[in-house]
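Engineer: Mind looking over this structure? Questions follow.
The values are calculated or read from the model by the stated rules, or taken from the named source; none is laboratory data. Bear in mind that the values here come from a model prediction, so they are computed numbers and not experimental data. Positions of Cβ are backbone-derived with ideal geometry, glycine not excepted, and every protein chain shown enters the neighbour counts. Accessible surface areas use protein heavy atoms only, side chains included; no ligands, DNA or RNA. Shrake-Rupley method; radii C 1.70, N 1.55, O 1.52, S 1.80 Å.
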Amino acid sequence: MANVAKLLYSTVEECFLQNLEADASPLTVARKKIRDHLRAAFAAASKDYFGRVITPKFFTQGSFAYKTMNEPAWPPEQQKDMDDGCYLPLSFVRGARPSQAAQLFFDFVDTALIELARIEGWTHVGTKDTCVRLLISADSHVDVPLYAIPDSEFVAMRDHALKANMEVGARTKPDTWEALPSNAVLLAHRQEDWMESDPRKIRAWFLDAVELYGEPLRRDCRYMKAWRDHHELESYKVSSILLMACVFEAYEAIGGIYLPSREDERFLQVIERIPAKLRGAVYNPREPSEDLNRIPVADRDKVVRAAQTLANRMREIVKHCNDEREAVDAMITLLGTRVPDRVDLVSVAIAAVATVAATPKRQVEAPAVGRSSSG
């Protein structure tokens, strides 16, 4: 039985978590430039576009806000990203029909950020349906989704302290404002005009979950994201929020007081529950009608098998492996080269050491899903 806890996490040694840490400073610098440029653009031209001058509000969401950002496993195909929403009051965009207002919002922000990209040497990507994307380096981009928010909340909104908890319903594509809820946050969409979407709910849920279960929950989410990236499962729509919800549901099923304190044993108990969850619906913890599992039906078995391989191999390491070198190699195969190649961080149970000479080595087979030849 191999104890590989220190390979995953340690406060004094090199570890997997440490090697996942991403340098987010270029993203934060870019975020400030984007916000400043958009504020200036709205101050100069919003009256001509929308009928009155207003300053947009901004709200960072996604992995940067959750503190779950990892360094990409396979750059530049995989990238660090920051999502920084741009918010206007609902009354501000109601001057036109919804379809016209969404297009006008995108046109305005696209124009402003194309100019900024030219100044900064970035690349503007205009093909994303739910945001404006700026590639700021070979392995980093900033997404700017566009929102309309009820006026009362816009007045109270602060960049880093949002506490609203509104109800969000099904996605629609009406073309009259009367058909849209007056108390919902709406996300501009290039094809569907407006969608009900409030990213603040997910952020509030996850921060509450970390407060309840502590930093181990955040670490396990990052391990799962790193596993997904190493095996390039994002192409099957294995989203970060889907994995976060699965990890949270596993914690809920195990129960806080029964979670092992040892890093590898806790992670094992969590991932043993993941394959079954990925087979079916995984509901948004703050919007139970929304299924976060967007993995195509045709690909679901493939993803489930990859998750089952992770659980099986991890169980083999923790419960049966009796060789430090074999344990390290197996962990690297499972999670990638950010796992330290350090046999000194692995310990094997005394009983296993006593029998190792008389027992054939158990070979840990490589997972079926791995790095593709295209990368």
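Engineer: Condition test on residue 213, is it surrounded by fewer than 19 Cβ atoms within 10 Å (Cβ to Cβ), over 22 Å from residue 7 (Cα atoms) and aromatic (Phe, Trp, Tyr)?
Structural biologist: Answer is no for this residue.
Engineer: Residue by residue through region 31-41, note down the ones that are in contact with a helix residue (DSSP H, G or I) (Cβ under 8 Å, 6 or more places away or on another chain) and open to solvent by less than 40 Å² (accessible area, probe 1.4 Å).
Structural biologist: 34, 37, 38, 41
Engineer: Looking at region 43-96 only, could you name the residues that are polar (S, T, N, Q) and farther than 14 Å from residue 151 by Cα?
Structural biologist: Hits for region 43-96 are 46, 60, 61, 63, 68, 70, 78, 79.
Engineer: Follow-up question, since we're still on this one. Restricting the first residue to region 53-81 and requiring it to be at positive phi, which pairs with a second residue that is small (Gly, Ala, Ser) meet a Cβ separation below 8 Å and a spacing of at least six or different chains?
Structural biologist: So the pair list comes out as 62/240.
Engineer: Of the residues 305, 315, 219, which is open to solvent by 10 Å² or more (accessible area, probe 1.4 Å), of a type in the set (Lys, Arg), assigned to a helix (DSSP H, G or I) and without any contact (Cβ under 8 Å) to a residue 60 or more places away in the chain?
Structural biologist: On inspection, the qualifying residue turns out to be 315.
Engineer: Listed residues 152, 182; which is open to solvent by 70 Å² or more (accessible area, probe 1.4 Å), of a type in the set (Ser, Thr, Tyr) and either at pLDDT below 50 or assigned to a loop (DSSP other than H, G, I, E, B) (or both)?
Structural biologist: After ruling out the rest, the residue left standing is 182.
Engineer: Can you find even one residue in region 52-59 that is part of a helix (DSSP H, G or I), touching an Asp or Glu at 6+ places or on another chain (Cβ under 8 Å) and farther than 20 Å from residue 100 by Cα?
Structural biologist: Looking through region 52-59, none of the residues is part of a helix (DSSP H, G or I), touching an Asp or Glu at 6+ places or on another chain (Cβ under 8 Å) and farther than 20 Å from residue 100 by Cα.
Engineer: For region 222-257, give me each residue that is open to solvent by less than 10 Å² (accessible area, probe 1.4 Å), among the hydrophobic types (A, V, I, L, M, F, W, C) and part of a helix (DSSP H, G or I).
Structural biologist: Once the filter is applied, which keeps residues that are open to solvent by less than 10 Å² (accessible area, probe 1.4 Å), among the hydrophobic types (A, V, I, L, M, F, W, C) and part of a helix (DSSP H, G or I), region 222-257 yields 224, 226, 227, 233, 242, 243, 244, 245, 246, 247, 250.
Engineer: Look at region 323-352 and say how many of its residues are at pLDDT below 95 and open to solvent by less than 20 Å² (accessible area, probe 1.4 Å).
Structural biologist: Qualifying residue count for the region: 1.
Engineer: Moving to a separate point now. Kindly evaluate residue 48 against the criterion of being assigned to a helix (DSSP H, G or I), more than 18 Å from residue 82 (Cβ to Cβ) and among the charged types (D, E, K, R).
Structural biologist: For residue 48, the condition - assigned to a helix (DSSP H, G or I), more than 18 Å from residue 82 (Cβ to Cβ) and among the charged types (D, E, K, R) - is met.
Engineer: Among the numbered criteria (1) under 19 Å from the mean Cα position of the chain (by Cα); (2) within 14 Å of residue 231 (Cβ to Cβ); (3) assigned to a loop (DSSP other than H, G, I, E, B), which one does residue 339 miss?
Structural biologist: (1)
Engineer: Can residue 54 be described as modelled with pLDDT of 95 or more and either farther than 25 Å from residue 333 by Cα or open to solvent by less than 10 Å² (accessible area, probe 1.4 Å) (or both)?
Structural biologist: no
Table: residues versus (1) farther than 25 Å from residue 204 by Cβ; (2) among the basic types (Lys, Arg).
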{"residue": "249", "(1), (2)": "no, no"}
{"residue": "259", "(1), (2)": "no, no"}
{"residue": "265", "(1), (2)": "yes, no"}
{"residue": "275", "(1), (2)": "yes, no"}
{"residue": "279", "(1), (2)": "yes, yes"}
{"residue": "285", "(1), (2)": "no, no"}
{"residue": "309", "(1), (2)": "yes, no"}
{"residue": "317", "(1), (2)": "yes, no"}
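Engineer: Now, a different point. Residues that are polar (S, T, N, Q) and open to solvent by 60 Å² or more (accessible area, probe 1.4 Å): does region 129-149 have at least one?
Structural biologist: No, the conditions are met nowhere in region 129-149.
Engineer: Continuing with this model, one more query. For region 10-30, name all the residues that are assigned to a loop (DSSP other than H, G, I, E, B) and either closer than 15 Å to residue 117 by Cβ or open to solvent by 80 Å² or more (accessible area, probe 1.4 Å) (or both).
Structural biologist: Listed by number, the residues that qualify are 11, 12, 23.
Engineer: Please work out which residue is surrounded by the fewest Cβ atoms within 10 Å (Cβ to Cβ), limiting yourself to region 268-299 and to residues that are closer than 16 Å to residue 244 by Cβ and of a type in the set (A, V, I, L, M).
Structural biologist: 281
Engineer: Can you tell me which condition residue 260 does not meet? The list is (1) open to solvent by less than 30 Å² (accessible area, probe 1.4 Å); (2) closer than 30 Å to residue 347 by Cα; (3) assigned to a helix (DSSP H, G or I), and all the others hold.
Structural biologist: Checking residue 260 against (1) open to solvent by less than 30 Å² (accessible area, probe 1.4 Å); (2) closer than 30 Å to residue 347 by Cα; (3) assigned to a helix (DSSP H, G or I), the one that fails is (3).
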